[in-house]
Amino acid sequence: MAAVAESLESRSAPKPPLKWAGGKRWLVPRLARLFSPHRYRRLVEPLCGGLAISLGLVPDRALINDINPHAINFYSWLKQGLSIVPVMRNDETTFYAQRDRFNQLIRDGISDGMEAASLFYYLNRTCYNGLCRFNSKGEFNVPFGRYKKIIYKTDFSEYVPAFAQWEFACADFGKVPLEAGDFVYADPPYDVEFTQYSKEPFGWDDQVRLAESLARHSGPVVLSNQATERIKRLYRKIGYKVVVLSAPRMISCTGDRTRAQEVLATRNL
């Protein structure tokens, strides 16, 4: 473990730039032990979310995908070098004005530019709990966060070299082109009732489709998910090795910080 930590320290990368519900930074040390012998492989994240794992593992090559076009647009602009355009203030009036502007760009079909990327970052930092939720029309609908203080980043140049050998894509996970030797890590939305992280919901059929499709991959595969009984049964039935971990409960509307149970399922490792 010490050797892995030293290796990661010598290959440091920027921290995840976005807040992300259910982020997996706590899981990086454990995944580092699994990934370390496979550093020569390309890392593929078909459901990248907040990028905690990819940035934590510091791969030389990576294919980063998510069905959320706004997250991928933001990451793509970080790779190019991003200059923040909108005014960023921890102010309710400013927040709703900028949210309206962001949703107008979505309605106009021009949400893939630098302005949209900048607005997405601002909304993510300022909204309630850093949640990323969209309604059925694809519009951002998270309310103002009411934080006492927010530190906004304006210089994103450190991400340019970090992303130099990374590819970014926006597609359904089933359309992500895998190479035989890829190391795949997938963290689907938790197996819970609410899964509207993008315009398209992520339901039980998607959980099954993801697990089955990655089971056909010839290279190393790691899946994490909430440890519901049906998730554990699904993964074991398909042939994954399943362990249950105690995970920190990062977000709770009730204030409950009981440690959650999470599955780590592996194949070809």
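What to note about this one:
- Residue check, Asp182 modelled with pLDDT of 95 or more and in contact with a strand residue (DSSP E or B) (Cβ under 6 Å, 6 or more places away or on another chain): yes
Per-residue answers, yes or no, for (1) of a type outside the set (Gly, Ala, Ser); (2) in contact with a Cys (Cβ under 8 Å, 6 or more places away or on another chain); (3) closer than 13 Å to Trp20 by Cα; (4) in a strand (DSSP E or B):
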{"site": "Phe95", "(1), (2), (3), (4)": "yes, yes, no, no"}
{"site": "Gln98", "(1), (2), (3), (4)": "yes, no, no, no"}
{"site": "Leu105", "(1), (2), (3), (4)": "yes, no, no, no"}
{"site": "Glu115", "(1), (2), (3), (4)": "yes, no, no, no"}
{"site": "Ser118", "(1), (2), (3), (4)": "no, no, no, no"}
{"site": "Tyr122", "(1), (2), (3), (4)": "yes, no, no, no"}
{"site": "Lys137", "(1), (2), (3), (4)": "yes, no, no, no"}
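- Residue within region 97-108 that is touching a His at 6+ places or on another chain (Cβ under 9 Å) and at negative phi present: yes
- Region 35-69, residues that are of a type in the set (Gly, Ala, Ser) and in a loop (DSSP other than H, G, I, E, B): Gly49, Gly50
- Among residues of region 230-241 that are outside the structural domain of Val208 (by TED's automatic domain parsing) and more than 14 Å from Arg216 (Cα to Cα), none has a Cβ under 7 angstrom from a residue that is hydroxyl-bearing (Ser, Thr, Tyr) and exposed (fewer than 13 other Cβ atoms within 10 Å of the Cβ) at a sequence gap of 6+ or on a separate chain.
- Filter pass, Ala32 being in contact with a helix residue (DSSP H, G or I) (Cβ under 9 Å, 6 or more places away or on another chain), assigned to a helix (DSSP H, G or I), buried (at least 21 other Cβ atoms within 10 Å of the Cβ) and not acidic (Asp, Glu): no
The values are calculated or read from the model by the stated rules, or taken from the named source; none is laboratory data. Please read all numbers here as calculations on a predicted model, not as lab measurements. Cβ sites come from the backbone with ideal geometry, for glycine too, and all protein chains shown count toward neighbours.
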